[in-house]
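One structure, pasted below without further comment.
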Amino acid sequence: MNIAKHYTKACPACNHTVHEYTDVFGVYKCTGCGAIHGECFKRDAGNFYKPYWSKAPNSPNTFYIDLVTHGLTVERFHGWINSDDKCIVQVG
Ligand SMILES: [Zn+2]
């Protein structure tokens, strides 16, 4: 496990402060609950979620995401993602 020691922001889902690096610079994975959070380029957000509603919204395999993306505009998406199809289960 490659711990991101310099990144001390609390997890938005569980307030845990220990995170792992992800493959995308600026985005971290909470070691407490598996939530994904941080900032990245908009084109890299697809590594974590797709902007479509999940076809299995009742799946137990979900994780929280809170991502600020930088593209033509700065946007924020936060909500629950189905980890099987990476699509949105719940916004907010
Ligand atoms: Zn967490």
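Pairs of alpha-carbon atoms within less than 8 angstrom and 6+ residues apart define the contacts here; what relative contact order does the range 19-91 have, in percent? Mind dumping the intermediate values first?
On the way: 149 pairs, mean separation 20.3, N = 73.
Computed value for the range 19-91: 28 percent relative contact order.
For MET1, put the label point 7 Å out on the Cα→Cβ axis and report which residues of the range 18-33 keep their amide N under 12 Å from it.
Taking a point 7 Å out along Cα→Cβ of MET1, the residues of the range 18-33 whose backbone N falls under 12 Å are 18-21, 29-33.
Same structure again: Using the beta-carbon distance between HIS16 and VAL91 and R0 = 25 Å, what value does 1/(1 + (r/R0)^6) give for FRET efficiency, to the nearest 0.05? Working shown, then result.
Numbers: r = 22 Å, r/R0 = 0.89.
Calculated transfer efficiency: 0.65.
Right, something else. Just add up the charged neighbours of ASP85: K/R +1, D/E -1, any other residue whose Cβ is under 10 Å from the Cβ of ASP85. It would help to have the intermediate numbers written out before the result.
Working: positive: LYS50, LYS55, LYS86; negative: ASP84.
Surrounding charge for ASP85 is +2.
In debye, nearest 20, what is the charge dipole magnitude of the range 19-91 about its Cα centre with +1 on Lys and Arg Cβ and -1 on Asp and Glu Cβ, if you could check?
Values: 7 positive and 8 negative charges, 38 e Å.
About 180 debye.
Between TRP53 and LYS9, what length in nm is gained on full extension when 0.36 nm per residue of separation is reduced by their alpha carbon distance?
Details: separation 44, 0.36 × 44 = 15.84 nm, distance 2.84 nm.
Computed gain between TRP53 and LYS9 is 13.0 nm.
Once the Cα gyration tensor of the chain is found, what semi-axes does its equivalent ellipsoid get, as square roots of 5 times the eigenvalues, in whole Å, sorted largest first? Working shown, then result.
On the way: eigenvalues 81, 54, 23 Å².
So the three semi-axes of the chain are 20, 16, 11 Å.
Readers should treat all values here as calculations from the given coordinates under stated rules, not as data from a laboratory. Here the structure is a predicted model, which means the values were calculated and not measured. In this analysis, Cβ positions are derived from the backbone assuming ideal geometry, glycine residues included, and neighbour counts consider all displayed protein chains.
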